[in-house]
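To keep things clear, I will list the structure first and then write my remarks on it.
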Amino acid sequence: MSRAAFPENFVWGVSTSAYQIEGANVADGRGPSIWDTFSDSQTACDHYHRYTEDVGLLKDLGVTAYRFSVSWPRVVPGGSGRVNAAGLDFYEKLVDELLGAGITPYATLYHWDLPQALEDEGGWAVRDTARHFADYARVVHDRLGDRVDTWFTLNEPWVAAFLGYGSGIHAPGRTSPADAFRSAHHLLLAHGLATGALRAAGASKVGLILNFGPVMTPGQVGDLSMELAEEDAEAVARIDTLMHRQFLEPVLRGAYPADLLPLVERTAGLDHIHEGDLADISRPIDLLGVNYYAPTVVQAQPSQPADPAYPGSAGILFCTVPTAVTAMGWPIVPNALPLLLRRLSREYPDTQLMITENGADFVDVITGDGIHDVDRINFIEEHLRALRVSIEEGARVGGYLLWSLLDCLEWADGYQRKFGVYHVDFATQRRRPKDSAYWFRDVIKRNGLAESRPKRPTLETVA
Ligand code: GBH
């Protein structure tokens, strides 16, 4: 394998999610979701009506896989009970279109769009939601299981629990630290019960996707090997437990981390964790999806109150660092990716990994001759180089799915965030490839990067 090539059969793809692209939120019997309530129903990219065109874009890119999410309220409008056949029809047509184009569909069953009817009964803070999710998983598998092999139960349960019920910056916008911890447990239980239901129905591959923001101090952003003072090491460990180990350990080792339980008990009690739950939660999975965008930068600061997205984080300051950032303000640290993959490979050596999201929001330069996004290209290129190093070191990473195919609806941030390799004009819904789309297509075609990095044009090379 050359310095820039990727392994044979490496999966190249892109990811999207239902609420961020579909629109058509009242079409064909879809029920309301918590995001319709939180931020008014949106047209997004109108993908529901333009999916054939969008599969055409995937074909142009040459991807081998496409990860999309199924909208729970489209399939089960009330969250439980009556199934909306028209909702399933849409995903069946999408999957058939993908298969016809030679693209492997990866279905995510939950990317944050909880049916509003279930939120009205307590949402993820109540246990029944987990059971309803497993029933819904079964319904989707019954229709698509003969054509979809790879299933992801949840996307980023940390975000759903702690931004939805802790800080309230995401739907349903609740701000209860106790409910955030309860939601985290019920999301894990939902994953476990759905995994059981999918297996019983004969699903071939089941996975879970977590968000990873490797935790480090400002000093470590510049020098990853830097030694930490004891209080900073404790701050890093506590945030790592809340954000990562709270999910990794129950799923992959069948137990909550010992340092998490006192934080949960103090905030929410432990009554919501029933005997037998961890056996359900730790059913074997085939694949851990890794979403990586940026590190989480913290340091000890005794006077600091807890951040509502991290209940139990009193005494820890979340820092900004003077490194290059994306338009979201997220620090660009490609070297954190090998660090993360090394850690996952060491701690969970039997787990197969896939990068299920990586990408960046930047301001695109639109001129008469195209949409120029050299910053996005550089971001992806640097992360792919880092990933290539990890694979060489032995990390079991089977693929890379870029976020995202289209500029789309960035949750609470709306439409001004641009993560797509295709530009979308939301007034006309016209899609146009950015430079990064052509660049990514070439990476896929070559199964790797060019040996030398394309230089930015300088005055001399232009002249
Ligand atoms: C992904 O989440 C989503 O899966 C996807 O839908 C979304 O469009 C994409 O990222 C781009 O944002 O400041 O406390 O929130 C990424 C979620 C965002 C979680 C950054 C951690 C920083 C901590 N991550 N966040 S906080």
>> Condition check: in contact with a Leu (Cβ under 7 Å, 6 or more places away or on another chain) and away from the ligand (no atom under 16 Å from the Cβ). Does Ile391 satisfy that?
In response: no
> What pairs can you find where one residue is in region 139-160 and closer than 13 Å to Gly207 by Cβ, the other is assigned to a loop (DSSP other than H, G, I, E, B) and at pLDDT below 95, and their Cβ atoms are less than 9 Å apart, with a gap of 6+ or different chains?
Replying inline: Asp149/Ser204; Thr150/Ser204; Trp151/Ser204
>> Just to verify a result, which residue in region 106-150, among those that are in contact with a Phe, Trp or Tyr (Cβ under 6 Å, 6 or more places away or on another chain) and part of a strand (DSSP E or B), is surrounded by the fewest Cβ atoms within 10 Å (Cβ to Cβ)?
In response: Thr150
> Can you name every residue in region 411-442 that is over 19 Å from Arg50 (Cβ atoms) and either of a type in the set (Lys, Arg) or surrounded by fewer than 23 Cβ atoms within 10 Å (Cβ to Cβ) (or both)?
Replying inline: Trp411, Ala412, Asp413, Gly414, Gln416, Arg417, Asp435, Tyr438, Trp439, Arg441, Asp442
> Can you pull out the residues in region 342-357 that are touching a Ser or Thr at 6+ places or on another chain (Cβ under 9 Å) and more than 21 Å from Pro250 (Cβ to Cβ)?
Replying inline: Arg342, Glu357
> Does Leu401 satisfy being within 12 Å of the ligand (Cβ to nearest atom) and touching a strand residue (DSSP E or B) at 6+ places or on another chain (Cβ under 7 Å)?
Replying inline: yes
> What is the one condition in (1) touching a Cys at 6+ places or on another chain (Cβ under 7 Å); (2) within 15 Å of the ligand (Cβ to nearest atom); (3) not small (Gly, Ala, Ser) that Pro218 does not satisfy?
Replying inline: (2)
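For region 321-353, which positions are hydrophobic (A, V, I, L, M, F, W, C) and within 16 Å of the ligand (Cβ to nearest atom)? Give the steps one after another, and end with the answer.
Of the residues in region 321-353, the ones hydrophobic (A, V, I, L, M, F, W, C) are 321, 324-325, 327-328, 330, 332-333, 336-337, 339-341, 344, 353.
Passing the criteria: Val321, Val325, Ala327, Met328, Trp330, Ile332, Val333, Ala336, Leu337, Leu340.
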> Taking region 412-433 on its own, how many of its residues are in contact (Cβ under 8 Å) with a residue 60 or more places away in the chain, more than 15 Å from Ala360 (Cα to Cα) and not small (Gly, Ala, Ser)?
Replying inline: 6
>> Being farther than 26 Å from Ser39 by Cβ, under 22 Å from the mean Cα position of the chain (by Cα), at pLDDT 95 or above and within 16 Å of the ligand (Cβ to nearest atom) is true for just one of Tyr106, Tyr110. Which residue is that?
In response: Tyr106
>> I'd like to verify a number: residues in region 46-77 that are closer than 27 Å to Ala134 by Cβ, charged (D, E, K, R) and touching a residue at least 60 places away in the same chain (Cβ under 8 Å), how many?
In response: 1
> Here is a list of conditions, (1) under 22 Å from the mean Cα position of the chain (by Cα); (2) within 16 Å of the ligand (Cβ to nearest atom), and Asp373 meets all of them except one; can you say which number that is?
Replying inline: (1)
> Checking Gly207 against (1) small (Gly, Ala, Ser); (2) closer than 21 Å to Tyr310 by Cα; (3) under 22 Å from the mean Cα position of the chain (by Cα), which single condition isn't satisfied?
Replying inline: (2)
>> Take residues that are aromatic (Phe, Trp, Tyr) and tell me which of the helices (runs of 4 or more DSSP H) falling wholly in region 167-268 contain 1 or more.
In response: 177-200, 246-253
> Given (1) of a type in the set (Lys, Arg); (2) within 16 Å of the ligand (Cβ to nearest atom); (3) under 20 Å from the mean Cα position of the chain (by Cα), where does Arg174 come up short, assuming only one miss?
Replying inline: (3)
> Across region 1-28, what is the number of residues that are outside any strand (DSSP E or B) and farther than 14 Å from Leu387 by Cβ?
Replying inline: 16
>> Which condition from (1) over 24 Å from Val140 (Cβ atoms); (2) surrounded by fewer than 18 Cβ atoms within 10 Å (Cβ to Cβ) is the one that Ala200 breaks?
In response: (1)
>> Against the condition assigned to a loop (DSSP other than H, G, I, E, B), among the charged types (D, E, K, R) and either under 28 Å from Leu353 (Cα atoms) or under 23 Å from the mean Cα position of the chain (by Cα) (or both), how does Asp271 come out, does it pass?
In response: no
> Within region 340-358, can you find the residues that are crowded, with 17+ Cβ neighbours inside 10 Å and either among the aliphatic types (A, V, I, L, M) or touching a helix residue (DSSP H, G or I) at 6+ places or on another chain (Cβ under 7 Å) (or both)?
Replying inline: Leu340, Leu341, Leu344, Tyr348, Thr351, Leu353, Met354, Ile355, Asn358
>> I need a count of the residues in region 273-310 that are touching a helix residue (DSSP H, G or I) at 6+ places or on another chain (Cβ under 8 Å) and within 12 Å of the ligand (Cβ to nearest atom).
In response: 10
>> Please determine whether any residue of region 185-196 is touching a His at 6+ places or on another chain (Cβ under 7 Å), at negative phi and crowded, with 24+ Cβ neighbours inside 10 Å.
In response: yes
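The values are calculated or read from the model by the stated rules, or taken from the named source; none is laboratory data. Computed from a predicted model, the values in this text were never measured in an experiment. Please note: Cβ atoms are built from the backbone with ideal geometry, for glycine as well, and neighbour counts cover all protein chains shown.
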